1. Quick one: which residue in A:MET60, A:MET39 is more than 13 Å from the chain's Cα centre (by Cα) and farther than 29 Å from B:LEU51 by Cβ?
2. Would you please list the contacts, defined by Cβ atoms under 8 Å and residues six or more apart or on different chains, that run from a residue in the range A:50-74 that is farther than 17 Å from A:SER94 by Cβ to a residue that is open to solvent by 80 Å² or more (accessible area, probe 1.4 Å)?
3. When you scan the range A:11-28, how many residues do you find that are closer than 17 Å to A:PRO108 by Cα and assigned to a loop (DSSP other than H, G, I, E, B)?
4. Would you check if there is a residue in the range B:8-20 being under 10 Å from the mean Cα position of the chain (by Cα) and modelled with pLDDT under 95?
5. Counting only residues that are among the β-branched types (Val, Ile, Thr), under 18 Å from A:ARG64 (Cα atoms) and open to solvent by less than 30 Å² (accessible area, probe 1.4 Å), how many does the range A:5-42 have?
6. Can you confirm whether B:LYS52 is more than 10 Å from chain A (Cβ to nearest Cβ), more than 24 Å from A:PHE45 (Cβ to Cβ), basic (Lys, Arg) and open to solvent by 10 Å² or more (accessible area, probe 1.4 Å)?
7. Scan the range A:78-94 residue by residue and report those that are within 11 Å of the chain's Cα centre (by Cα) and either closer than 21 Å to B:PHE99 by Cα or small (Gly, Ala, Ser) (or both).
Amino acid sequence: EAGVTQFPSHSVIEKGQTVTLRCDPISGHDNLYWYRRVMGKEIKFLLHFVKESKQDESGMPNNRFLAERTGGTYSTLKVQPAELEDSGVYFCASSLLGLGADEQFFGPGTRLTVL
Amino acid sequence: DAKTTQPPSMDCAEGRAANLPCNHSTISGNEYVYWYRQIHSQGPQYIIHGLKNNETNEMASLIITEDRKSSTLILPHATLRDTAVYYCIEGSGTYKYIFGTGTRLKVLA
């Protein structure tokens, strides 16, 4: 069974440009999560989808970040315009049930560098 | 802020058991304790989780105290490949994980 996949693995852009990260969850997982780790900090939650609906986007840092999950399958996270402080590793995770007893499976992450 | 506390680092000899402690004194009755690890910059890898009973799987054992305020992850025979940062997480009712700084485990040859 394929795990969570993310694309690209690395992205280097200049300040002010736009970047779109993609996440493909494990097939059949309705719950999809985005997290990120910026330099020297802990991994932080960004948002949670159930199918195509945003259940919790309390961790989104500002309106330069837009997450979508068309058709409840893959998800994209767009950063527009990118700022230096957006550099970090963005992780996607998925889970089957979204309950407290349901583990999340993480992808390998996308390393974003904003110059 | 993370709701769990862990020692920042530990060393373990290869082949010996690694016992990683975690305090989660604010855990509520229906919250699970999850353990993940991160090797280098890879995505966090699920290890094990539990509610109040001890749990064991092919990777590790999880011992949860009776009052549920702390737990210990046990890697029974640590190998060099177990060198990683280990995170203990309370599974919150909103289903988002709150990561702390974790324990950096170094397995020594």
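1. Working: A:MET60 fails: more than 13 Å from the chain's Cα centre (by Cα).
Going through A:MET60, A:MET39 in turn, just one is more than 13 Å from the chain's Cα centre (by Cα) and farther than 29 Å from B:LEU51 by Cβ: A:MET39.
2. Correct list of pairs: A:ARG64/A:GLN80; A:LEU66/A:GLN80.
3. Number satisfying all stated conditions: 3.
4. no
5. Restricting attention to the range A:5-42, the residues satisfying the condition of being among the β-branched types (Val, Ile, Thr) are A:5, A:12-13, A:18-20, A:26, A:38.
Going one step further and asking which of them are under 18 Å from A:ARG64 (Cα atoms), we end up with A:12-13, A:18-20, A:38.
From what's left, open to solvent by less than 30 Å² (accessible area, probe 1.4 Å): A:13, A:19.
Adding up the residues that qualify gives 2.
6. Numbers: more than 10 Å from chain A (Cβ to nearest Cβ): yes; more than 24 Å from A:PHE45 (Cβ to Cβ): yes; basic (Lys, Arg): yes; open to solvent by 10 Å² or more (accessible area, probe 1.4 Å): yes.
Taking the combined requirement at face value, the residue satisfies it.
7. A:VAL89, A:TYR90, A:PHE91, A:CYS92, A:ALA93, A:SER94, listed by residue number.
One line per residue, one yes/no per condition, for (1) within 19 Å of A:GLU103 (Cβ to Cβ); (2) within 12 Å of chain A (Cβ to nearest Cβ); (3) out of contact with any strand residue (DSSP E or B) (no Cβ under 7 Å at 6 or more places or on another chain); (4) not in a loop (DSSP other than H, G, I, E, B):
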| site | (1), (2), (3), (4) |
| --- | --- |
| B:LEU20 | yes, no, no, yes |
| B:TYR36 | yes, yes, no, yes |
| B:SER41 | no, yes, no, no |
| B:ILE47 | yes, yes, no, yes |
| B:ILE63 | yes, no, no, yes |
| B:LEU73 | yes, no, no, yes |
| B:LYS96 | yes, yes, no, no |
| B:LYS106 | no, no, no, yes |
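The values are calculated or read from the model by the stated rules, or taken from the named source; none is laboratory data. All values derive from a computational prediction rather than experimental measurement. In this analysis, Cβ positions are derived from the backbone assuming ideal geometry, glycine residues included, and neighbour counts consider all displayed protein chains. Side chains included, ligands, DNA and RNA excluded: accessible areas come from the protein's heavy atoms. Shrake-Rupley method; radii C 1.70, N 1.55, O 1.52, S 1.80 Å.
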